[in-house]
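Everything on this sheet refers to the single structure shown next.
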């Protein structure tokens, strides 16, 4: 069930950790978040590093907003906005609800939602979703009763601030975008 009292306006690393294990539904399709990455305002790897632009405006919206960006010119990636200029990238989910539709969107690929581009495609994310809010019929986050056991490691797919251990994954779960270092 969606927790109306959930605080998106919190430390971005804490938010990234707390999102692992939640159920994410986009227009009734989704599953359990199994991997996230945090991006802070003082972070040279963050889209907000140089300030607000038309492209990253949703990152400066209310906490709990959806931020969608285009990666490599072809992948739409889903983020959860925390404090102003901060967001958590959803790197992987375990498909559980609407799996046939997710498979259709992914052309029957066995790796349905392991990687941020695959997540966006499987969930049917569009650029027009940027700025929407979690806690609506279209975008839900349902929180479980307990905190899961997490893996922690450096972020991947970036060239700056690569040493920050701001990537989190659900331990003992297949489907992560990449293995975590031991």
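The values are calculated or read from the model by the stated rules, or taken from the named source; none is laboratory data. Predicted model only: the values in this text are computed from it and were never measured. Methodologically, a virtual Cβ is constructed for each residue, glycine included, from the backbone with ideal geometry; neighbour enumeration extends over all protein chains shown.
Here are some notes:
- Scanning segment 84-121 for residues that are under 18 Å from the mean Cα position of the chain (by Cα) and more than 15 Å from residue 31 (Cβ to Cβ) yields 84, 85, 86, 87, 88, 89, 117.
- Answer residue from segment 166-182, given it is in contact with a helix residue (DSSP H, G or I) (Cβ under 9 Å, 6 or more places away or on another chain) and in a loop (DSSP other than H, G, I, E, B) and is nearest to residue 116 (Cα to Cα) among those: 177
- The single condition among (1) closer than 15 Å to residue 19 by Cβ; (2) free of Cβ contacts under 8 Å to residues at least 12 places away in the same chain that residue 81 does not meet is (2).
One line per residue, one yes/no per condition, for (1) assigned to a strand (DSSP E or B); (2) at pLDDT below 95:
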residue: 80; (1), (2): yes, no
residue: 85; (1), (2): no, yes
residue: 92; (1), (2): yes, no
residue: 101; (1), (2): no, no
residue: 104; (1), (2): no, yes
residue: 108; (1), (2): no, yes
residue: 119; (1), (2): no, no
residue: 122; (1), (2): no, no
residue: 137; (1), (2): no, yes
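- Residue pairs whose Cβ atoms lie under 9 Å apart, separated by 6 or more positions or on different chains, with the first residue in segment 162-177 and on the phi > 0 side of the Ramachandran plot and at pLDDT 90 or above and the second surrounded by 20 or more Cβ atoms within 10 Å (Cβ to Cβ) and part of a loop (DSSP other than H, G, I, E, B), are 175/112; 175/113.
- Single residue of segment 23-45 satisfying the filter (modelled with pLDDT of 95 or more and assigned to a loop (DSSP other than H, G, I, E, B)) that is farthest from residue 67 (Cα to Cα): 28
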